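Below is one structure, written out as structure tokens; comments come after it.
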Amino acid sequence: MTDDTNSSNAMWGGRFAAGPDAIMEAINASISFDKRLYAQDIRGSRAHAAMLAATGILTNSDAEAIGEGLLTVLSEIEAGDFPFSTALEDIHMNVEARLKALIGEPAGRLHTARSRNDQVATDFRLWVRDQADAAITSLTALMKVLVAQAEKGADWVMPGFTHLQTAQPVTWGHHMMAYVEMFARDRSRFEDARKRMNECPLGSAALAGTGFPIDRHMTAQALGFDRPMANSLDGVSDRDFALEFLSAAAICSVHLSRLAEELVIWSSAQFRFVAMSDKWSTGSSIMPQKRNPDAAELIRAKIGRVLGAAVALFTVMKGLPLAYSKDMQEDKEQVFDAADTLMLALAAMTGMMSDLTVNTAKLEAAASSGFSTATDLADWLVREAGLPFRDAHHVTGSLVALAEKKGCDLPDLSLEELKSAHPALTEAVYSVLGVHNSVASRQSYGGTAPDQVRAQVARWQGLLA
């Protein structure tokens, strides 16, 4: 070993004590993470081999040997008996080397009319498409649970908040249906992204296409794509499908985080609106009285991982010239982690919401406090006394101040006290000061009235059936 090598070893440190060769192998190899693409890689190779045979580029006997050999490789990987090699760099070369060991010379013909560039673009697109499908399925399951909660609690009155201050009474069902709408938009984003990503890069070869008489429509159809990608440069260099998936995942994670935050607040000793089962909460190592909403807190935190993955991939792609660059090897780990994180968070939220215990008495008591029907009082003055809303707002504000001074709520003020603010107030005003009357009056489309909530529940039950 030369002095230069010893110097290099000292420079790079103990982890890469074998020198620059080991460093290059470590930075260049992707098998440690892209082995997750094995099923998609084998599926793509089988479709490619069948097409090569159909177009006369490959003999039927070679194509049959390749197809059967690839199924053997697949079974070995799924059984955990496959020796992945860092020296072979990636999933493509690992599969091909094993195929050659199994069937010999025909394995070398598999790579005719393709490149690792279009191969990995196809594998990754197939994998992300599968994850979009999984997200759509998981979101549908969560939405069904939320719709069931809404149906159960269409009449349960609770405080609606702005600035986390009591604003107006709403119903539990209305609150749950707000999240149904949010997650429905998430689902539609994944559906839209899936439509755009459903074009096949296979056959783009390295970047310019191929001189072999391949049938790209055949491979696209075999792999469930709508069509081949129309430009070979775009075929190997596009990662929009991954960026769209991450963007949709990040927005969905924000919605999960917002619901998780509410669960954390609602389950606190100060609120006691809900209680999570032991499945989704943990005790304290030192304080025996505590039940911590750990699952909700972790969901709330996981937006950081998903959003970080999106930022990372946007950063990788932002300055790349056409067509393929090795930078694009950095496209997968973030997407893998984001997809895993999202699916776990969706499953956990679905579980939490399905067995959540709601304290309806606490909800109603909270809804009745904090002058939550002040707007109803102002609206009554507009409807019944003909006051301009700004004047009615002022009158109501003075009554709120009076109630605060007396330490009571608006319905507790006497009629004489109400009339002291405006003579048009009558006994009839008390009918709008109760929280149940308040929510029942909100009959505008999309409002919190129980009838409106049930109408939205029925609509979504039909859409989700």
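Filtered by the rule that a residue be closer than 25 Å to PRO388 by Cβ and either β-branched (Val, Ile, Thr) or surrounded by 14 or more Cβ atoms within 10 Å (Cβ to Cβ) (or both), region 432-465 gives VAL432, LEU433, ASN437, SER438, SER441, ARG442, GLY447. Considering every residue within region 238-253, establish whether at least one is part of a loop (DSSP other than H, G, I, E, B), over 30 Å from the mean Cα position of the chain (by Cα) and on the phi < 0 side of the Ramachandran plot. Checking region 238-253: not a single residue is part of a loop (DSSP other than H, G, I, E, B), over 30 Å from the mean Cα position of the chain (by Cα) and on the phi < 0 side of the Ramachandran plot. Of all residues in region 154-165, none are part of a helix (DSSP H, G or I) and among the aliphatic types (A, V, I, L, M).
For region 266-283, the set of residues classified as surrounded by fewer than 18 Cβ atoms within 10 Å (Cβ to Cβ), modelled with pLDDT of 85 or more and hydroxyl-bearing (Ser, Thr, Tyr) consists of SER268, SER277, listed by residue number. Under the condition of being open to solvent by 50 Å² or more (accessible area, probe 1.4 Å) and farther than 20 Å from ALA428 by Cβ, the residues counted in region 389-400 number 2. Here LEU88 meets the list (1) open to solvent by 40 Å² or more (accessible area, probe 1.4 Å); (2) more than 24 Å from ALA29 (Cα to Cα); (3) in contact (Cβ under 8 Å) with a residue 40 or more places away in the chain; (4) of a type in the set (A, V, I, L, M) almost entirely, failing just condition (2). The criterion of at least 3 residues that are farther than 28 Å from SER325 by Cβ is met, among helices (runs of 4 or more DSSP H) falling completely within region 30-120, by 38-54, 60-78, 91-103. If only residues of region 217-232 that are over 30 Å from the mean Cα position of the chain (by Cα) and in the same structural domain as LYS332 (by the TED database) are counted, the one that is surrounded by the most Cβ atoms within 10 Å (Cβ to Cβ) is SER232.
If you go through region 401-419 and keep only what is assigned to a loop (DSSP other than H, G, I, E, B) and among the charged types (D, E, K, R), you end up with just ASP409.
Listed by first and then second residue, the pairs linking a residue in region 346-370 that is open to solvent by 60 Å² or more (accessible area, probe 1.4 Å) to a residue that is assigned to a helix (DSSP H, G or I), with Cβ atoms under 6 Å apart and 6 or more places separating them unless they lie on different chains, are SER354/VAL145. In region 323-335, the condition of being at pLDDT 95 or above, under 21 Å from SER237 (Cβ atoms), open to solvent by less than 20 Å² (accessible area, probe 1.4 Å) and part of a helix (DSSP H, G or I) is met by at least one residue. Out of VAL236, VAL254, one residue alone is out of contact with any Gly (no Cβ under 8 Å at 6 or more places or on another chain), surrounded by fewer than 18 Cβ atoms within 10 Å (Cβ to Cβ) and either modelled with pLDDT of 95 or more or not assigned by the TED database to the domain that holds GLY319 (or both). It is VAL254.
Within region 402-431, the set of residues being open to solvent by less than 50 Å² (accessible area, probe 1.4 Å), under 46 Å from the mean Cα position of the chain (by Cα) and either farther than 11 Å from LEU377 by Cα or not assigned by the TED database to the domain that holds THR375 (or both) comprises ALA403, CYS408, ASP409. Any residue in region 137-160 that is open to solvent by 10 Å² or more (accessible area, probe 1.4 Å), more than 18 Å from LEU464 (Cα to Cα) and touching a Pro at 6+ places or on another chain (Cβ under 6 Å)? Yes.
The test for being modelled with pLDDT of 95 or more, in the same structural domain as ALA26 (by the TED database) and open to solvent by less than 60 Å² (accessible area, probe 1.4 Å) holds for LEU74.
The set of residues from region 50-71 being open to solvent by less than 30 Å² (accessible area, probe 1.4 Å) and within 20 Å of LYS35 (Cα to Cα) comprises ILE66, GLY67, GLY69, LEU70. Scan region 319-337 for residues that are out of contact with any Phe, Trp or Tyr (no Cβ under 8 Å at 6 or more places or on another chain) and under 25 Å from VAL254 (Cα atoms) and jot them down. GLU330, GLN334, ASP337 - these are the residues of region 319-337 that are out of contact with any Phe, Trp or Tyr (no Cβ under 8 Å at 6 or more places or on another chain) and under 25 Å from VAL254 (Cα atoms).
In this structure, LEU381 qualifies as open to solvent by less than 50 Å² (accessible area, probe 1.4 Å), in a helix (DSSP H, G or I) and more than 30 Å from LYS144 (Cα to Cα). Listed conditions (1) farther than 15 Å from ASP355 by Cα; (2) crowded, with 18+ Cβ neighbours inside 10 Å are all met by LEU263, apart from (1).
The values are calculated or read from the model by the stated rules, or taken from the named source; none is laboratory data. What you see is a predicted model; the values in this text were computed from it and never measured. Please note: Cβ atoms are built from the backbone with ideal geometry, for glycine as well, and neighbour counts cover all protein chains shown. Heads up: the accessible areas ignore ligands, DNA and RNA and are worked out on the full protein's heavy atoms, side chains in. Shrake-Rupley method; radii C 1.70, N 1.55, O 1.52, S 1.80 Å.
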